[in-house]
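Chemist: Sharing a structure here in structure tokens format.
Rule-based calculations on the coordinates, nothing more; no lab input. Worth saying up front: this structure is predicted, and the values here are computed from it rather than measured. Glycine also receives a Cβ, built like all others from the backbone with ideal geometry; neighbour counts cover every protein chain displayed.
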């Protein structure tokens with residue numbers, strides 16, 4: 001055969017099947033465009049000079065590979081729709097004398113043409129929209145960039161290499177599929193029905209049990225750190241369970257509907273139910289894919305949206321005052337040294353610097369605390385916790401324990417509490433504690449006199465990934481000695497030392513607050529005394545990093561959500577169009593025996609509403625059970641505004657539901673146009 005015949009056949013195949021290939025080309029190009037844009041943003045120079053820019057660049061770098069991995073899996077999946085539709089055509093070529101080698105050359109040219117068209121469109125769109133994406137990211141981060149358009153040639157090269165590899169793998173998969181089937185099998189493959197999977201009840205029960213287990217994990221885990229360890233495990237379980245339930249559920253649903261003679265033997269339902277039964281396994285897999293992608297979008301927007309819109313709450317939780325000083329005392333041998341004289345001298349110097357800047361500290365508070373990490377459970381504080389399994393139940397009980405002196409607590413909180421030597425007040429952050437006492441292994445015990453609703457020092461606890469427990473004690477030295485004695489016995493290299501914390505507000509503009517913070521740090525930098533280390537933090541100075549990091553997460557969430565939305569739309573479209581071609585002959589027979597187009601419309605609506613409400617409803621259910629785990633993960637970012645999270649979740653579900661309904665309406669019309677005989681009109 002002439003070499004020019006193969007590209008001509010390949011182009012004719014694409015052109016004649018443009019209803020299938022145009023969305024595929026748009027999706028491939030869209031994936032390449034998103035890959036280029038994220039790659040471009042991760043490497044742009046403007047990020048390096050912005051607050052939080054380094055962190056954002058790292059997150060975008062991870063996003064590049066997420067898009068690449070997703071594109072590999074998704075394009076494999078969508079290509080199967082194309083191949084199913086084209087196999088009859090390849091079967092005819094085979095019967096007319098073209099061997100499997102000739103067909104492989106046609107497939108090769110098709111893949112090359114699709115890749116070239118997608119790459120040209122995707123890179124052109126990526127380059128054109130990269131500046132818009134850059135301006136949007138800079139706006140979110142609060143930075144500045146120029147308006148000149150540039151091209152990142154490394155991103156162009158990586159896009160071509162990555163997606164070229166993806167198309168090579170798709171070609172090899174198609175080649176294997178074609179070589180396995182005989183000409184007769186190719187001719188009948190498109191119209192071949194499916195046998196229901198064996199033991200589908202067992203599949204369904206297994207899926208329900210697996211999903212119940214994943215839901216239990218999501219709602220039962222209390223520790224944010226444990227939630228981080230279990231999150232991806234639970235996600236994997238939900239994905240597998242969703243596929244099992246939808247595949248087996250499609251079978252059981254069709255059987256139940258067919259057994260219901262009043263429902264089944266109606267012109268609105270007969271063809272639609274029989275059509276679903278004809279492709280039970282594939283129908284379930286398609287619906288499960290739509291459900292999983294929808295869930296990804298909902299969870300991603302819940303997390304990233306809550307972080308971005310709750311950034312101010314997180315900032316104030318982390319830095320309770322505008323200026324925050326922390327100083328750790330040094331140790332003398334094995335004993336920690338706390339010098340009240342040095343502490344007051346340090347405070348006087350800070351206030352002196354503030355006075356030089358014309359500031360009288362407002363809302364100021366200072367206190368001393370001792371912190372240790374341990375496993376607090378059943379009234380016992382175990383400091384030898386290093387071997388705790390990150391996925392085990394014990395991880396729920398690992399926490400930071402802060403000891404505060406009663407005198408400092410009363411002064412800062414404006415209370416007049418009294419305690420015996422063996423008594424303590426207790427306050428928990430991100431966990432609960434119901435036991436009546438706390439005991440360290442050497443026998444030192446504090447009875448919990450009562451739990452207090454608020455505590456000084458909770459700002460320090462918000463930056464810990466672990467939950468925290470505060471114990472207000474009458475004698476801080478007794479607590480410190482008991483803890484250090486146990487740390488020495490278990491061979492811990494570092495003991496725990498007292499920490500002096502001082503915070504105050506100034507009422508100054510942001511720039512003057514930062515200047516005051518720098519001046520305080522310069523004064524204390526070379527100061528000698530009993531302090532091991534000292535550092536000063538300014539809320540306004542940290543604001544840029546906070547909004548940069550959270551804004552970057554939000555922006556990446558938006559980009560990835562667009563990728564998943566694009567995938568969701570394409571799966572719905574291909575599901576409708578390919579099923580429309582499969583059902584065309586059935587509805588054609590029904591039209592010949594008197595079924596009107598209005599009847600067909602009602603039948604189509606019956607089928608669409610029967611199956612397409614399930615993915616979005618299940619995705620909302622997944623989101624509801626995932627909410628407790630997402631809430632605990634957001635606590636790692638100092639966000640505890642549950643009302644904000646619920647609002648973001650509700651808005652996300654509402655907006656996505658409207659979008660889903662619009663896509664359903666448009667694709668249902670495409671299905672109707674095929675089965676009603678109007679596709680050519």
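Chemist: Within segment 393-424, find all residues whose amide N lies under 13 Å from a label point positioned 7 Å from the Cα of residue 447 along Cα-to-beta-carbon.
Modeler: 419-424
Chemist: Which ordering of 490, 245 is given by a fewest-first count of other beta-carbon atoms within 10 Å?
Modeler: Ascending Cβ contact count within 10 Å gives the list 490, 245.
Chemist: Which residues in segment 531-572 place their backbone N less than 15 Å from a point set 7 Å from the Cα of residue 312 along the Cα-to-Cβ direction?
Modeler: The answer is 540, 543-544, 547.
Chemist: Just to verify a number: FRET efficiency for residue 535 and residue 362, C-beta to C-beta distance, R0 = 22 Å, to 0.05?
Modeler: E(calc), rounded to 0.05, equals 0.55.
Chemist: Here's a follow-up. Would you calculate the separation in nanometres between label points at residue 153 and residue 262, each defined as 7 Å from the Cα along the Cα-to-beta-carbon direction?
Modeler: Rounded to a tenth, the inter-label distance reads 7.4 nm.
Chemist: Rank the residues 553, 613, 162 as a footprinting-exposure proxy: fewest other Cβ atoms within 10 Å of their Cβ go first.
Modeler: 613, 162, 553
Chemist: To the nearest Å, what is the center-to-center distance of segment 395-473 and segment 281-327, using C-alpha atoms only?
Modeler: That distance is 30 Å.
Chemist: What full-extension length gain, to one decimal in nm, is calculated for residue 437 and residue 584 as 0.36 nm per residue of separation minus the Cα-Cα distance?
Modeler: Full-extension gain reported as 45.6 nm.
Chemist: Got a sec? How would 399, 538, 168 order by Cβ neighbour count within 10 Å, fewest to most?
Modeler: Ordered by Cβ neighbours within 10 Å, fewest first: 168, 538, 399.
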